[in-house]
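K.L.:
Quick one: this structure, given as structure tokens, is what I'll be asking you about.
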Amino acid sequence: MNFFVRIVFVCVIVLSVFYSYLLQDDREQVKENKTDSQPKSIEVATNPKNKTIILERVYIDGEVSEEILKENVDTIEEIKGKYQNWNIIQMDEEQIVLQKKVNDISPLLKANGYFGISDNGIISIFNGNPKKADIIQSFFQIDIKKLEGKKQEELKKGIPIKSKEDYDKVLKALKPYSIQTQVE
């Protein structure tokens, strides 16, 4: 019996050491959680998260403009409510990218856009005079020989684009002169 008592006594000691070790770890974790979580919860409650909001506008001519804002955001619902006509494209901890399609030509085109023809007969939009400027966007190749002389001269000089109506009107007028490429 003496042997049995010793075994029980050793088991009790081992178990008590084991439990005290576990309880000590739990107490340290609780202590760490209290010190870590209290300031964070106060910070979240009093300071909404400052995020970068990027507003992308995509125009019919393919131009994309960006507006970058800094806003205090509590919830994503707040953003959805404020920017109802925008689509969320990307979102992470620091920024939210919203996009909106605009049924108009870009401000760049209105200010300095010209329809013209490139050296290889492709109808393009130029940033400024077609003779000196860079191509912004290209559309389709036309048969320049079928185009009347006045239209050829206008395209060489450049046709200013001041509105969506100008943009649509010129493309519609030149479409019949496009060269169809055959797909084999």
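The values are calculated or read from the model by the stated rules, or taken from the named source; none is laboratory data. Nothing here was measured: the structure is a model prediction, and the numbers come from that model. Cβ coordinates were reconstructed from backbone atoms using ideal geometry, including for glycine residues, and neighbour counts include every protein chain displayed. What goes into the accessible areas is simple: the full protein's heavy atoms, side chains included, and nothing from ligands, DNA or RNA. Shrake-Rupley method; radii C 1.70, N 1.55, O 1.52, S 1.80 Å.
K.L.:
For residues that are β-branched (Val, Ile, Thr), open to solvent by less than 20 Å² (accessible area, probe 1.4 Å) and under 30 Å from Ile88 (Cβ atoms), tally how many sit in region 98-124. Outline the logic, then answer.
P.N.:
The first filter runs over region 98-124 and keeps only residues β-branched (Val, Ile, Thr), leaving 102, 105, 117, 122-123.
Still in the list and also open to solvent by less than 20 Å² (accessible area, probe 1.4 Å): 105, 123.
Keeping just the survivors that are under 30 Å from Ile88 (Cβ atoms) gives 105.
Residues in region 98-124 being β-branched (Val, Ile, Thr), open to solvent by less than 20 Å² (accessible area, probe 1.4 Å) and under 30 Å from Ile88 (Cβ atoms): 1 in total.
K.L.:
Test Pro176 against the stated conditions and say whether it is without any contact (Cβ under 8 Å) to a residue 12 or more places away in the chain and either open to solvent by less than 30 Å² (accessible area, probe 1.4 Å) or over 34 Å from the mean Cα position of the chain (by Cα) (or both). Break it down into steps so the answer makes sense when it comes.
P.N.:
Details: without any contact (Cβ under 8 Å) to a residue 12 or more places away in the chain: yes; either open to solvent by less than 30 Å² (accessible area, probe 1.4 Å) or over 34 Å from the mean Cα position of the chain (by Cα) (or both): yes.
Considered against the rule, which asks whether it is without any contact (Cβ under 8 Å) to a residue 12 or more places away in the chain and either open to solvent by less than 30 Å² (accessible area, probe 1.4 Å) or over 34 Å from the mean Cα position of the chain (by Cα) (or both), Pro176 comes out as yes.
K.L.:
Return yes when Glu78 is over 30 Å from Leu147 (Cβ atoms) and in contact with a Ser or Thr (Cβ under 8 Å, 6 or more places away or on another chain) and no when it is not. Give the steps one after another, and end with the answer.
P.N.:
Working: over 30 Å from Leu147 (Cβ atoms): yes; in contact with a Ser or Thr (Cβ under 8 Å, 6 or more places away or on another chain): no.
Answer is no for this residue.
K.L.:
Taking Glu78 as meeting all but one of (1) exposed (fewer than 12 other Cβ atoms within 10 Å of the Cβ); (2) out of contact with any strand residue (DSSP E or B) (no Cβ under 8 Å at 6 or more places or on another chain); (3) modelled with pLDDT under 90, write down the number of the exception.
P.N.:
Result: Glu78 fails condition (1) only.
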